[in-house]
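Enquirer: Have a look at this one before I ask anything.
The values are calculated or read from the model by the stated rules, or taken from the named source; none is laboratory data. As the structure is a prediction and not an experimental result, all values here were calculated from the model. For neighbour counting, all protein chains shown are included, and Cβ atoms are generated from backbone atoms with ideal geometry for every residue, glycine included. Note: areas computed on protein heavy atoms with side chains; ligands, DNA, RNA excluded. Shrake-Rupley method; radii C 1.70, N 1.55, O 1.52, S 1.80 Å.
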Protein chains: 6
Amino acid sequence: MSDYVPTGIPGVDEILGGVGIPKGHTILISGGPGSGKTTFAIQFLYKGATEHDEPGLYVTLDEDPEDIKKSMSKFGWDLDKLEGEKRLIFINVSPVRVAPSEKMGLIQLGMKEFKLIKLLQAIRTGIEEVQAKRVVIDPVTIFTLQYPDEIERIYAIRDLVRDFRRTGCTNLLISELRGTGLEREHQFEEYLAQGVILLRTLVTGDKVTRMFQVEKMRGLDVDIQPRPYNITSSGIEVYPTLTVFK
Amino acid sequence: MSDYVPTGIPGVDEILGGVGIPKGHTILISGGPGSGKTTFAIQFLYKGATEHDEPGLYVTLDEDPEDIKKSMSKFGWDLDKLEGEKRLIFINVSPVRVAPSEKMGLIQLGMKEFKLIKLLQAIRTGIEEVQAKRVVIDPVTIFTLQYPDEIERIYAIRDLVRDFRRTGCTNLLISELRGTGLEREHQFEEYLAQGVILLRTLVTGDKVTRMFQVEKMRGLDVDIQPRPYNITSSGIEVYPTLTVFK
Amino acid sequence: MSDYVPTGIPGVDEILGGVGIPKGHTILISGGPGSGKTTFAIQFLYKGATEHDEPGLYVTLDEDPEDIKKSMSKFGWDLDKLEGEKRLIFINVSPVRVAPSEKMGLIQLGMKEFKLIKLLQAIRTGIEEVQAKRVVIDPVTIFTLQYPDEIERIYAIRDLVRDFRRTGCTNLLISELRGTGLEREHQFEEYLAQGVILLRTLVTGDKVTRMFQVEKMRGLDVDIQPRPYNITSSGIEVYPTLTVFK
Amino acid sequence: MSDYVPTGIPGVDEILGGVGIPKGHTILISGGPGSGKTTFAIQFLYKGATEHDEPGLYVTLDEDPEDIKKSMSKFGWDLDKLEGEKRLIFINVSPVRVAPSEKMGLIQLGMKEFKLIKLLQAIRTGIEEVQAKRVVIDPVTIFTLQYPDEIERIYAIRDLVRDFRRTGCTNLLISELRGTGLEREHQFEEYLAQGVILLRTLVTGDKVTRMFQVEKMRGLDVDIQPRPYNITSSGIEVYPTLTVFK
Amino acid sequence: MSDYVPTGIPGVDEILGGVGIPKGHTILISGGPGSGKTTFAIQFLYKGATEHDEPGLYVTLDEDPEDIKKSMSKFGWDLDKLEGEKRLIFINVSPVRVAPSEKMGLIQLGMKEFKLIKLLQAIRTGIEEVQAKRVVIDPVTIFTLQYPDEIERIYAIRDLVRDFRRTGCTNLLISELRGTGLEREHQFEEYLAQGVILLRTLVTGDKVTRMFQVEKMRGLDVDIQPRPYNITSSGIEVYPTLTVFK
Amino acid sequence: MSDYVPTGIPGVDEILGGVGIPKGHTILISGGPGSGKTTFAIQFLYKGATEHDEPGLYVTLDEDPEDIKKSMSKFGWDLDKLEGEKRLIFINVSPVRVAPSEKMGLIQLGMKEFKLIKLLQAIRTGIEEVQAKRVVIDPVTIFTLQYPDEIERIYAIRDLVRDFRRTGCTNLLISELRGTGLEREHQFEEYLAQGVILLRTLVTGDKVTRMFQVEKMRGLDVDIQPRPYNITSSGIEVYPTLTVFK
């Protein structure tokens, strides 16, 4: 049994030492809006389920699973079929406030407590149901925002990462990048995760450039150089031999 | 029935994969003062009502509908006529403090509670009245400022976006961009909306350049490169084959 | 009766579509110290009173009217004469703490409540007294500083702008620009006003350059390019066909 | 009687329209540490007392008058003599905590309330004592720091400026510049004063350049271009026909 | 007995005056995620234990010792063997919340008090157990975050450094660098430690460059120029004769 | 008796008008970690004691005197000998928490009140003991951090500077520079001290450059241009005729 989990995403495994993500590790995928974070994560689960016999669990803290499935259908991925075959499972743990029977779905806004224990139990249940080997939490930002105190936030993320380690699954935490520039403040999640992949979208006046970069990958020799990538009709595609600005 | 809603704005649909905005999605239109955000939104509703048989609802949180109609008349759009034909409806949900009978309209200033429930009910009523298929909220900033707590603000916007999803309408949320530079902090609305279009006005010493950019568009292959645009005598015009700085 | 109010300031009306400011609109004039904001405003009132039969009201929140009149006399504008002919009126609504009979005018400092109602009543009285068609508030910053809470501040300015709209007057709100660089944060007043004119003074090491820019002008096709301007012996002069850095 | 007060500082009056500071105005002199602010102020008083028959008052809020006199002696200015002749007077209104009889002058530190009324009375007394026509407050920063609330601070400075206006004296307020770069935030004092002169010290890696700039001067046509200056053996010297970086 | 402790890391001792770290000093190793901080620290202990007869103590405040050992095995370092021979000891003082008997290790999140006294006692016990001469704390950030008050934080770190001094051990404190740019704010730890080594990862658009820099080294003549480094299959390798951008 | 105190540090007195620091003045020495601040201060005291018959007092607020003496020994300065001859005295006023009899010196951390009065008394005692003419406080940062309120902090530093003035000694206050860039915020200490010397370490990608700069020196004509400096085997050496970037 290999110690590495191939992502199956074109170009990525070449950058990850030719092998993929170290098995059981928790990797942070950080990018701006429109950078393809969700596409990357779904692609990782899809490839796992269809090519590597590794069922996947997708935990959404924000968006409706049906919306995700629908917008991913343009890549030709039949996620409903995978779900039917118990090779993929979506869990929606985003707080719900709507009364589904109400005609237009009008909602009463107010603060809702995020149930962490419920999140962890849902993950456990989901993993057991499909014998998941790959897990995605999208976005982890909703989770960390619960902790205004920095030291508590660090402990919470660290405990989450530790808990994941025990499941034996290989995991992606999707994180939202705040700044758009090259110079930025590191987020503490980058220190707590075992790997960090950045999906950046640099705007330089007349041009937008997508830039894939492995910032950190514990236990693996990786190519740390930034590489161009695209979102094509078949998903994310990274070009491991090109440089960003030719 | 098509899955996409053409904006009808010259150049924009070409950039949006040749088809327009995915039907039922909620798109953030973010720009600075004078960038043409309101023009873009009205043009979207006008084209929908006159060319695609999609009635529109314009929810204003700030400006008087009469003022908007008047300043839009220079583009040759007869909005009063559309309203008369029930193909367009304006709803003013901005808090009102004036006593209309008072001679000069002097007002007593003080904090007014923004009634969110009233906003949602007004939207529902407006949609029903003209069978609206396109909705605009201008500006959503007034709405988000109600929530000083970040996590509450995220939940509120997310719930608003979800609620919109149920109406089947295609929606624009108009948002005010704070910084003027290319490097900036992403706003959480950019993550919550299903699409983000930026209308920027870059000032580079001796020149002002208008720059249109699709930052994000779920479920659609789009051109993410920045493109020049103008506000002409017939409204917004984007040039999908030009680059910003030639 | 025309829908536009010519400013009469050399070069400005050319930039404003050849016609001037849309009648009844409220325009923000924003600039740094020494940029000529007050000169611009007085020139606008002076031209209105002497050339367009539009009496003016100047509301000062900060400086003494006598000081303003004196420093404006170098441009050859006889403001006392205009006041005598009821074609111009100055109202000083800045909080006063001095006991005028006291010998050297020593003052007792302490926090004074700014009476907004008094401001609005003063404006109403002033407009009626000279049948004013043009109004200036200088500076609006003193007004907005009263509201430390952002949402209250937005409501207050918005209500002020709305109230102005009812008077039928064309108005200038003088605002103080904080930063000196080209990149900056937009102020919420820029969104609330119907037009925004920037008077900037860029310092580039060995040279100071004055730069006039119409950032926004609702209901009007304007030249948004930055243009050089000067403060000459006859007031502000903008050069609508030159670029800032030749 | 002229309406202008010549500074007598080489190069400065040329920049100030060939005449000097408008009589009775209050001018902000803003500069970093070592930029020569105090030298500028003393030189202004010295020239007034010795060449224009205008006695001067120097109000120090920070440094000991003896120390100032001593460090100014290197420019050949005999300030003690002027004081003896009642053509110059120093007033020390900095809070004192020392017991002068105590051997080594050890002090008990603790918060001391700054007595503003005492400041104003001291100024009045000082002006009367030498019939001062020129007044300096150095540094005004100590004064403004008393007011943590921004609106109170603005009122306090404004009241101080107004009070000065009544004395008929021409005044310099010495202010400490915080940032070292060309781009900076304007301070509210710059709006409240009738003139602003900047004494900057730009550090560009291998070179320090002193830059004199009149940012604002109400009621006067001035040269707003930055000009090089030096602190020579006879005081400040500005070069009105040179550019900063040749 | 030498006064210096060779790090044994290729290139580093050359930069450290040819001798290494002054014996008994506490050195801050500061770097971003993926910069090789932990690799550097383990390499320092490994070389000490295997080549200089100096047993080592590794205090982890964050990560599980087993995870560290596993990810370091790729460099060919058999840390388990060293532990068995009492030449190396790992102490895990990170707060633990899991119930090890529970099936999936689900945790109850909540704030845990960090026991400083326990940390110090653990260090003392660890040093005694293997007669350690080299100590690493990774990361010290977890420790400093306990003290929100800046002056308390400074005292705490200072006391920790002092306490270390008494043990006679040579110590590395691993610290997380927040910003990614060359310009940054110094952290107070850099003043309190006796030496500071920076491991930076500069991203310049199309290229990532690793940069090793000795910022400070008390009591030693060092090369302060930045030098390129790499993480090779045998650990950190610094190139003391190359410049970063050739 | 001269009015100036030669520093004896190669190159520095040339820059200081050929004479040195004005006698009795208090000078701020500000620099980053590893910039040689302590070396500069000790060198100043050493030269005074050995070449100018001016005994020195070194007040440490942070580091142990023994550690300082040891790390300074590499420059060939026998500080113990000077102490024995009563030409130099070290006073350690840093708060102590250790129980010296305890085996490993484990400490109980907690907030300690900094006794200012004790600091002043210690300084007085120290000056008397060796008849000190030169005094160093290292670092003054520990002192200023005691005062979170800005106005209190200014008063405290000002009082400290005044108190020093009465002793007749020439003094150095060592201060920690926070930012690493050329553009920075001035610290209030720079205004309160009578002189300011900056020891900067500029990092420009591939090169570290040490830059000595006299920002301010009351009562003295100085060279304000930045000059390169080095820490050599005999201490600080400034090159008064070279420019930083040749």
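Enquirer: State whether one or more residues within the range F:11-27 are crowded, with 22+ Cβ neighbours inside 10 Å and within 11 Å of the chain's Cα centre (by Cα).
Expert: Yes, the range F:11-27 contains a residue that is crowded, with 22+ Cβ neighbours inside 10 Å and within 11 Å of the chain's Cα centre (by Cα).
Enquirer: Could you say whether any residue in the range F:99-119 is at pLDDT 80 or above, away from chain E (no Cβ under 14 Å) and in contact with a helix residue (DSSP H, G or I) (Cβ under 8 Å, 6 or more places away or on another chain)? Before the answer, list the steps.
Expert: Let us first name the residues in the range F:99-119 that are at pLDDT 80 or above, namely none.
No; the residues of the range F:99-119 include none that is at pLDDT 80 or above, away from chain E (no Cβ under 14 Å) and in contact with a helix residue (DSSP H, G or I) (Cβ under 8 Å, 6 or more places away or on another chain).
Enquirer: Answer yes or no as to whether D:P240 is open to solvent by 10 Å² or more (accessible area, probe 1.4 Å), in a loop (DSSP other than H, G, I, E, B) and within 30 Å of F:P240 (Cα to Cα).
Expert: Details: open to solvent by 10 Å² or more (accessible area, probe 1.4 Å): yes; in a loop (DSSP other than H, G, I, E, B): yes; within 30 Å of F:P240 (Cα to Cα): yes.
Yes: the conditions hold for D:P240.
Enquirer: In the range A:70-93, is there at least one residue being within 21 Å of A:V161 (Cα to Cα) and within 14 Å of chain B (Cβ to nearest Cβ)? First the steps, then the outcome.
Expert: Let us first name the residues in the range A:70-93 that are within 21 Å of A:V161 (Cα to Cα), namely A:89-93.
Then drop every residue that is not within 14 Å of chain B (Cβ to nearest Cβ), which leaves A:92-93.
Scanning the range A:70-93, I find at least one residue that is within 21 Å of A:V161 (Cα to Cα) and within 14 Å of chain B (Cβ to nearest Cβ), so the answer is yes.
Enquirer: Next up: Say we look at the range C:215-232 and pick out the residues that are within 22 Å of C:Y4 (Cα to Cα) and more than 8 Å from every other protein chain (Cβ to nearest Cβ); which of these is surrounded by the most Cβ atoms within 10 Å (Cβ to Cβ)?
Expert: This residue is C:R227.
Enquirer: Restricting to the range C:129-154, give me the number of residues that are assigned to a helix (DSSP H, G or I) and in contact with a Pro (Cβ under 7 Å, 6 or more places away or on another chain). Give the derivation first.
Expert: We begin by selecting, within the range C:129-154, every residue assigned to a helix (DSSP H, G or I); these are C:129-130, C:141-144, C:150-154.
Still in the running and in contact with a Pro (Cβ under 7 Å, 6 or more places away or on another chain): C:130.
Matching residues across the range C:129-154 total 1.
Enquirer: Inside the range A:28-42, can you point out the residues that are in a helix (DSSP H, G or I) and either open to solvent by less than 10 Å² (accessible area, probe 1.4 Å) or in contact with a helix residue (DSSP H, G or I) (Cβ under 8 Å, 6 or more places away or on another chain) (or both)? Give the derivation first.
Expert: Applying the first criterion (in a helix (DSSP H, G or I)) to the range A:28-42 yields A:37-42.
Answer for the range A:28-42, where residues must be in a helix (DSSP H, G or I) and either open to solvent by less than 10 Å² (accessible area, probe 1.4 Å) or in contact with a helix residue (DSSP H, G or I) (Cβ under 8 Å, 6 or more places away or on another chain) (or both): A:T38, A:T39, A:F40, A:A41, A:I42.
Enquirer: Then there's this: What's the number of the only condition in (1) open to solvent by less than 10 Å² (accessible area, probe 1.4 Å); (2) under 30 Å from E:I236 (Cα atoms); (3) not hydrophobic (A, V, I, L, M, F, W, C) that A:G235 fails to meet?
Expert: With (1) open to solvent by less than 10 Å² (accessible area, probe 1.4 Å); (2) under 30 Å from E:I236 (Cα atoms); (3) not hydrophobic (A, V, I, L, M, F, W, C) applied to A:G235, the lone miss is (2).
Enquirer: Related question: Where in the range D:166-226 are there strands (runs of 3 or more DSSP E), lying wholly inside it, with at least 3 residues that are farther than 30 Å from D:I123 by Cα and at pLDDT 90 or above? Working first, answer last.
Expert: Working: elements: D:170-176, D:195-203, D:208-217.
So the answer is D:208-217.
Enquirer: Filter the range E:148-173 down to the residues that are buried (at least 19 other Cβ atoms within 10 Å of the Cβ) and under 22 Å from E:I9 (Cα atoms), then identify the one that is farthest from the chain's Cα centre (by Cα).
Expert: Applying the filter and picking the extreme gives E:C169.
Enquirer: Which numbered condition trips up E:D159, out of (1) within 21 Å of E:R134 (Cα to Cα); (2) in contact (Cβ under 8 Å) with a residue 40 or more places away in the chain; (3) within 8 Å of another protein chain (Cβ to nearest Cβ)?
Expert: Evaluating E:D159 over (1) within 21 Å of E:R134 (Cα to Cα); (2) in contact (Cβ under 8 Å) with a residue 40 or more places away in the chain; (3) within 8 Å of another protein chain (Cβ to nearest Cβ) leaves (2) as the failure.
Enquirer: Related question: When you go through (1) acidic (D, E); (2) facing another protein chain (nearest Cβ under 7 Å); (3) surrounded by fewer than 20 Cβ atoms within 10 Å (Cβ to Cβ); (4) in contact (Cβ under 8 Å) with a residue 40 or more places away in the chain one by one for E:E176, which number turns out not to apply?
Expert: (3)
Enquirer: Here's another thing I want to ask about it. Identify, by number, the condition in (1) surrounded by fewer than 20 Cβ atoms within 10 Å (Cβ to Cβ); (2) outside any helix (DSSP H, G or I); (3) not aliphatic (A, V, I, L, M) that A:Y58 doesn't meet.
Expert: (1)
Enquirer: For C:E183, only one of the following conditions fails: (1) surrounded by fewer than 21 Cβ atoms within 10 Å (Cβ to Cβ); (2) within 19 Å of the chain's Cα centre (by Cα). What is its number?
Expert: C:E183 satisfies all of (1) surrounded by fewer than 21 Cβ atoms within 10 Å (Cβ to Cβ); (2) within 19 Å of the chain's Cα centre (by Cα) except (2).
Enquirer: Now for a different question. Scan the range C:215-223 and give yes if some residue there is more than 24 Å from C:T141 (Cα to Cα), out of contact with any helix residue (DSSP H, G or I) (no Cβ under 7 Å at 6 or more places or on another chain) and free of Cβ contacts under 8 Å to residues at least 40 places away in the same chain, otherwise no. Working first, answer last.
Expert: To start, the set of residues in the range C:215-223 that are more than 24 Å from C:T141 (Cα to Cα) comprises C:219-223.
Filter once more, keeping what is out of contact with any helix residue (DSSP H, G or I) (no Cβ under 7 Å at 6 or more places or on another chain): C:220-221.
Now narrow it down to the ones that are free of Cβ contacts under 8 Å to residues at least 40 places away in the same chain: none.
Looking for residues that are more than 24 Å from C:T141 (Cα to Cα), out of contact with any helix residue (DSSP H, G or I) (no Cβ under 7 Å at 6 or more places or on another chain) and free of Cβ contacts under 8 Å to residues at least 40 places away in the same chain, one finds none in the range C:215-223, hence no.
Enquirer: Only one of B:K47, B:K86 is modelled with pLDDT of 95 or more, in a loop (DSSP other than H, G, I, E, B) and either buried (at least 20 other Cβ atoms within 10 Å of the Cβ) or touching a Pro at 6+ places or on another chain (Cβ under 9 Å) (or both); which?
Expert: Values: B:K47 fails: in a loop (DSSP other than H, G, I, E, B).
After applying the criteria, what remains is B:K86.
Enquirer: Ok, one more. Out of everything in the range A:186-205 that is more than 10 Å from chain E (Cβ to nearest Cβ) and free of Cβ contacts under 8 Å to residues at least 60 places away in the same chain, what residue ends up being surrounded by the fewest Cβ atoms within 10 Å (Cβ to Cβ)?
Expert: Filtering the range A:186-205 for residues more than 10 Å from chain E (Cβ to nearest Cβ) gives A:197, A:199, A:201, A:203, A:205.
Checking the rest, the ones that are also free of Cβ contacts under 8 Å to residues at least 60 places away in the same chain come to A:203, A:205.
Details: A:V203: 22, A:G205: 14.
Looking at residues that are more than 10 Å from chain E (Cβ to nearest Cβ) and free of Cβ contacts under 8 Å to residues at least 60 places away in the same chain, I get A:G205.
Enquirer: Also, I was wondering about something else. I need the full set of residues from the range B:51-87 which are within 21 Å of C:I157 (Cβ to Cβ) and among the acidic types (D, E), in order please.
Expert: B:D62, B:E63, B:D64, B:E66, B:D67
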